[in-house]
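Accompanying notes for the structure given below.
The values are calculated or read from the model by the stated rules, or taken from the named source; none is laboratory data. Just so it is clear, the structure is predicted and the values come from calculations on it, not from any experiment. Counting neighbours? That spans all protein chains shown, and the Cβs are built from the backbone with ideal geometry, glycine included. Keep in mind that these areas ignore ligands, DNA and RNA; they rest on the heavy atoms of the full protein, side chains included. Shrake-Rupley method; radii C 1.70, N 1.55, O 1.52, S 1.80 Å.
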Amino acid sequence: MPTYRDEVVVLRTHKLGEADRIVTMLSRRHGKLRAVAKGVRRTSSRFGARLEPFMVADVQLYQGRSLDIVQQAETLGSYGADIAAHYDRYTSAHAMVEAADRLNEAEATPQQYLLLVGGLRALARGEHASRSVLDSYLLRAMALSGWAPGLSECARCGRAGPHDTFVAQLGGMVCRDCAPTGAARVHPETAALLDSLMAGEWGRVDAASPGSGAAASGLIAAYAQWHLERGIRSLSHVAADPGGDR
Ligand SMILES: [Zn+2]
């Protein structure tokens, strides 16, 4: 029988008929998957809540002619409840899975899967500001997909930095010769925070001022909206203040 197993993060679900759902997942080895979970909306479903968004599961799939079919699902990481109980975690998780969905349209790698699992786990544990977890995820996920913003050299001409102007449309930090007239300057603390978010230096990220956190979030959001086709709709629901509920 043509079946296969993989570890997945559930990105989103759609209703199908009376009791079924189409589940869109990012898998560790098979890239993005869409599969039917039969009977999942019945209260007696053997899948329970294992195929809800943000859940990490080991699944067995049967290769169907058009869509694959989920045969089994075992929970590996149950982050949904801890994320859904906090609005800031929920909105950040939503933006993360939406970005993962966009970024893995063509090719997906185990690194993308592991980055998303790590991000959701960090949100569920509440170890850092949710917005910082999201911002770091967005920078690193875009970098894995070949969309890393330029943070040291000028993104347009390559001149060595540091530079003090960020222009999303030009690909990141740019020198003063390349910056359009009137482009806003980036405070050095904000520029340093962008580096720390990209590198996952959490000690520095957690110590950043709320002002530079909000400024970095704005730049990252603008960059993601510009470079990801159709943008990330759920980013508009994420609060700008990274100092919120931890
Ligand atoms: Zn330049």
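Assorted remarks:
- Surface per residue (accessible, 1.4 Å probe) for the chain, Å²: 48
- Here the alpha carbons of the chain define both size measures, Rg and Dmax, at 19.4, 64 Å.
- Simple label model, 7 Å out from Cα along Cβ direction - residue 206 to residue 111, nm: 2.6
- Largest accessible area first, the residues 50, 89, 233 order themselves as 233, 50, 89 under a 1.4 Å probe with ligands, DNA and RNA left out.
- Accessible surface of the range 73-214, 1.4 Å probe, proportion on carbon and sulfur as whole %: 51
- The long axis of helix 188-199 is offset from the longest Cα principal axis of the chain by roughly 30 degrees.
- Relative packing of 197-206, 165-174, which averages over residues the other C-beta atoms within 10 Å, highest first: 165-174, 197-206
- Heavy-atom SASA rank of 190, 75 (probe 1.4 Å, accessible area, largest first): 75, 190
- Highest average packing first - 122-134, 146-158, 22-34, Cβ atoms within 10 Å: 122-134, 22-34, 146-158
- Stretch gain in nm, segment residue 76-residue 177, where the contour uses 0.36 nm per residue and the Cα spacing is subtracted: 31.3 nm
- Cα long-axis angle, helix 87-103 against the chain (0 to 90 degrees, to the nearest 10): 90
- With the simple spin-label model, which puts each label point 7 Å out from Cα in the Cβ direction, the residue 229 to residue 189 separation comes to 4.0 nm.
- Solvent exposure, largest accessible area first (probe 1.4 Å, DNA, RNA and ligands not counted), of 145, 78, 136: 78, 145, 136
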